[in-house]
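Below is one structure, written out as structure tokens; comments come after it.
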């Protein structure tokens, strides 16, 4: 039987506490005699000794490869760089903190190989251990996205998945700068199977994702995969325009009948503030889409490599 390569893409940022645990855990798995593992670590501008650990692992085991960015470009850039470098027949994306259960990997690989799925992905069925407000906002995000986007998102879906070579090659064709991988994974299509698991706490270190960074990421996802916000402000504009015409007619009639055009100062100010607020909100939504266009047309690279192994 011909040997197959499984590439494990792992973006890391200041993860010196978890890399060795992750490597040892994966090494202990039974994936099949005809499966060869290739590790593709992407150091996203770490400021600790993450890169030194990756270099040590590479010297110890030649199947460990690393790419180091010139600065922190974000996890999306790390995923893209890892997929570009992965050479495997099958490619999996995992977090190094072991929140993506490695013990699911043999089952996922078996489903891809024997049941002919193109992608076997994972989703969390709960968010035990996370802040309540963070979990609530996450659920609302999935609900909103599934209502306004043509690309469905599975609640609790993780980046952790195994993909065939064909799927990875399709993803690499999506070279936009403003990336939202959860949407891209679903946009390319193919036959997908989801496996559910209970939330697992980090094996060490601290997450780089703050509530603010997650909020920005959510906005980026909406802008990348939906134009509904632009449609909404268009309807708001039409509605306020019609209301202003009706209001103008009412004011003229009242002035003619009661000869009083100066009353209602407080209500007028309220209306002006309301319309002004809608205008600023609309400009903000349009500006967010324009900023994405601005960043895309500059055609800057998604990441810059500072250092990588030569194998």
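Tell me whether region 33-77 comes out rounded, prolate or oblate; compute the Cα gyration tensor, take square roots of the eigenvalues as a ≥ b ≥ c, and use a/c under 1.5 as the rounded threshold.
oblate
Dividing the Cα convex hull volume of region 68-115 by residue count, how many Å³ per residue is that?
95
So what is the diffusion coefficient of region 1-133 in µm² per second by Stokes-Einstein at 25 °C and 0.890 mPa s, using a Kirkwood Rh over Cα pairs? Display every interim value, and only then the final one.
Numbers: Rh = 15.6 Å.
The Stokes-Einstein estimate is 157 µm²/s.
Just to be sure I understand the model, the point goes 7 Å from the Cα along the line to the Cβ. What's the resulting residue 281 to residue 5 distance in nm?
5.3
Rank these for me by crowding, 162, 257, going from fewest to most other beta carbons within 10 Å.
So the residues, fewest neighbours to most, are 257, 162.
Run through the DSSP bridge list for region 4-225 and note the antiparallel percent, rounded to the nearest 5.
25
By counting other Cβ atoms within 10 Å of each Cβ, how are 7, 181 ranked from fewest to most?
181, 7
Compute the FRET efficiency between residue 199 and residue 48 as 1/(1 + (r/R0)^6), taking r as their Cβ-Cβ distance and R0 = 35 Å, and round to the nearest 0.05.
With a Förster radius of 35 Å, E is 0.85.
May I ask you to sort 98, 283 by Cβ crowding, counting other Cβ atoms within 10 Å and putting the fewest first? Display every interim value, and only then the final one.
Numbers: 98 18, 283 12.
Neighbour counts put them in this order, fewest first: 283, 98.
Which semi-axes, in whole Å and largest first, does the equivalent ellipsoid of region 1-51 have when worked out from the alpha carbon gyration tensor as the square roots of 5 times its eigenvalues? Mind showing how you got there, number by number?
Working: eigenvalues 137, 29, 6 Å².
Value: 26, 12, 5 Å, ordered largest first.
Rank by packing, highest mean first: peptides 147-160, 81-94, 42-55, 165-178, with packing defined as the count of other Cβ atoms within 10 Å averaged across residues.
Highest-to-lowest ranking by the protection proxy: 81-94, 42-55, 147-160, 165-178.
May I ask for the equivalent-ellipsoid semi-axes of region 4-225, computed as the square root of five times each C-alpha gyration tensor eigenvalue and listed largest first in whole Å?
The answer is 25, 21, 17 Å, longest axis first.
For region 282-311 and region 135-162, what is the separation of their C-alpha centers, rounded to whole Å?
Here the two parts' Cα centres lie 23 Å apart.
Grab the Cα-Cα distance for residue 71 and residue 110, subtract it from 0.36 nm times how many residues apart they are, and report the gain in nm with one decimal.
Net length gain for the segment: 10.3 nm.
Read-outs: derived from the displayed coordinates by stated rules, not from any lab. Just so you know, these numbers come straight off a predicted model, no measurement behind them. Positions of Cβ are backbone-derived with ideal geometry, glycine not excepted, and every protein chain shown enters the neighbour counts.
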